[in-house]
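All remarks here apply to the structure that follows.
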Amino acid sequence: MNEKKLQTTIQNKVKAKLSPLLGRYNADSADLRSMLKWKPLVLILGNYSSGKSTFINELLGQEVQRTGQAPTDDSFTVLTAPSEGNSESEVPGADLVNDERLPFTEFKTFGERFISHFKMKTVNSEAFTNLALIDSPGMLDSVSEKDRGYDYTATVKEFAKLADLIILMFDPHKAGTIQETYDTIRNTLPEATGEDRIVFVMSRIDECDNLADLVRSYGTLCWNLSQMTGRKDIPRIYLTYAPSVGLASDELAVWAEERDLLKEKIMKAPGLRISHVLQNVDKQTQELHMIAEAMWSFAQGGKKILSQSFKKTMFAGGLCFLFLDLITKELYGFPDHAFLVSLMSGIVELPQFIIPLASFALVTCLGTLWLLKWQLPRYFKRCQLKPAGLVALDTVYRQHVWERVGGKVEKLLAKAKLGDLFVGHASNINKIEKFSKQYIQKYYEEIRGN
């Protein structure tokens with residue numbers, strides 16, 4: 001099965017099997033729906049002087065993006081080949097966020113200022129028929145999100161969720177010291193994507209005065225990355241330079257192969273799409289499983305309270321049914337014949353049921369009111385305040401999953417009603433587990449087989 005057909009198969013299976021459960025638990029599947037819509041994507045991030053535009057122009061084989069030492073483009077620009085039969089064009093952001101065929105409809109929430117800084121350029125390039133690059137505004141140290149007019153960090157996060165590959169570029173002069181770069185690597189990208197989809201690049205190495213200068217810049221970048229990622233092991237860093245620089249220099253010639261490997265990695269990004277889709281489906285399945293698990297635990301606790309309350313109410317009601325009229329006869333001389341005494345003598349008349357039945361009904365009503373007005377509301381409130389107590393967070397992985405779904409569980413609990421205790425959460429958990437074992441594992445095997 002080819003990748004495109006497999007992606008369609010996965011999309012149909014998710015729609016049939018998972019979508020009803022995603023709706024039941026208010027789990028947002030917008031990310032998955034978006035990435036299934038269009039071409040594989042490569043997101044290019046970096047400081048304003050890191051050589052993004054120069055590198056993109058080289059990949060496209062023509063001067064499409066403006067280049068320069070100072071910030072030259074403050075827009076998110078999608079670059080790809082035009083669809084069959086169409087010519088090169090520039091599409092404004094307003095059209096992009098309103099086109100249901102594209103994966104950008106969710107970006108409308110970032111507002112008009114972002115939309116005015118978002119566009120797509122189609123360029124005649126056969127290599128980009130099934131691939132799109134997203135060039136981004138250069139990350140800066142002094143410009144705040146407020147000054148940009150839109151939430152830059154949140155926007156990068158959404159693009160990162162869609163991207164099959166993320167290229168993070170640095171230059172020797174600003175090797176990772178920019179504040180927005182730090183925030184992106186430390187917080188934004190880990191929340192949006194996996195480490196395996198991030199590629200680090202130090203560009204413009206031809207601007208280093210000599211090999212010693214290059215080594216110092218490389219070491220600085222490694223140190224900064226260790227601080228930003230929180231990891232001791234440094235990921236691979238590709239080194240590249242401007243295409244206008246000749247290869248006569250022995251110091252640059254040794255990096256020619258490295259440069260070609262980086263370009264090859266980017267052009268092979270379409271091959272990562274199906275794996276990205278499956279990772280996303282697997283991630284949503286695990287999140288959905290934890291939400292259902294939390295709601296099952298909530299329902300079990302509520303049903304336990306119901307069961308205990310029912311037993312106590314029935315026991316108290318039974319005692320009143322059998323003995324209350326004996327007490328009233330002893331205290332007040334009424335009734336003439338207690339129900340239990342008459343029952344033992346074998347002669348029970350209808351009036352003798354009045355006090356037992358009335359007392360049983362009263363106890364039942366009081367027990368029900370106590371349950372509905374006190375016990376269950378207290379239990380619901382306790383779960384809302386400490387939803388994490390509903391699931392076992394005994395591994396780092398489960399803790400990370402809970403960080404993503406805890407808010408969704410809180411919202412479900414905030415509007416929970418008595419009827420939610422009787423929803424088939426256990427059955428839903430079984431369906432989710434069956435989907436994971438029966439389909440996700442199968443699709444992973446097909447990828448490995450290909």
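The values are calculated or read from the model by the stated rules, or taken from the named source; none is laboratory data. This structure is a prediction, so every number in the text was calculated from the model and none was measured. Because the Cβ atoms are built from the backbone with ideal geometry, glycine has one as well, and the counts that use them run over all protein chains shown. The area values use the complete protein model at the heavy-atom level, side chains included, leaving out ligands, DNA and RNA. Shrake-Rupley method; radii C 1.70, N 1.55, O 1.52, S 1.80 Å.
Each row is one residue, and each column tells you yes or no for (1) under 18 Å from F107 (Cα atoms); (2) modelled with pLDDT of 85 or more; (3) hydrophobic (A, V, I, L, M, F, W, C).
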| site | (1), (2), (3) |
| --- | --- |
| F128 | no, no, yes |
| V143 | no, no, yes |
| L168 | no, yes, yes |
| T184 | no, no, no |
| N187 | no, no, no |
| A192 | yes, no, yes |
| I205 | no, no, yes |
| N210 | no, no, no |
| R216 | no, no, no |
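Among the residues that make up the range 299-311, is at least one of them touching a helix residue (DSSP H, G or I) at 6+ places or on another chain (Cβ under 6 Å) and open to solvent by 70 Å² or more (accessible area, probe 1.4 Å)?
Within the range 299-311, one or more residues are touching a helix residue (DSSP H, G or I) at 6+ places or on another chain (Cβ under 6 Å) and open to solvent by 70 Å² or more (accessible area, probe 1.4 Å).
Being in a helix (DSSP H, G or I), among the small types (G, A, S) and surrounded by 14 or more Cβ atoms within 10 Å (Cβ to Cβ) is the filter; apply it to the range 23-53 and report the residue that is modelled with the highest pLDDT.
Taking the candidates together, the pick is S53.
Report, by residue number, each residue of the range 193-236 that is open to solvent by less than 10 Å² (accessible area, probe 1.4 Å) and closer than 19 Å to A160 by Cα.
V199, V201, L225, M228
How many residues does the range 151-166 contain that are among the hydroxyl-bearing types (S, T, Y) and either surrounded by fewer than 21 Cβ atoms within 10 Å (Cβ to Cβ) or modelled with pLDDT under 75 (or both)?
Here the count works out to 1.
Of the residues that sit in the range 329-364 and are within 60 Å of the chain's Cα centre (by Cα) and open to solvent by 80 Å² or more (accessible area, probe 1.4 Å), which one is nearest to K312 (Cα to Cα)?
Result: L362.
Rundown of residues vs (1) in contact (Cβ under 8 Å) with a residue 12 or more places away in the chain; (2) under 23 Å from the mean Cα position of the chain (by Cα), yes/no style:
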site	(1), (2)
V91	yes, no
E112	no, no
L131	yes, no
S136	yes, yes
M139	yes, no
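Taking the range 1-22 only, how many residues are modelled with pLDDT under 75, part of a helix (DSSP H, G or I) and hydrophobic (A, V, I, L, M, F, W, C)?
Total meeting the criteria: 1.
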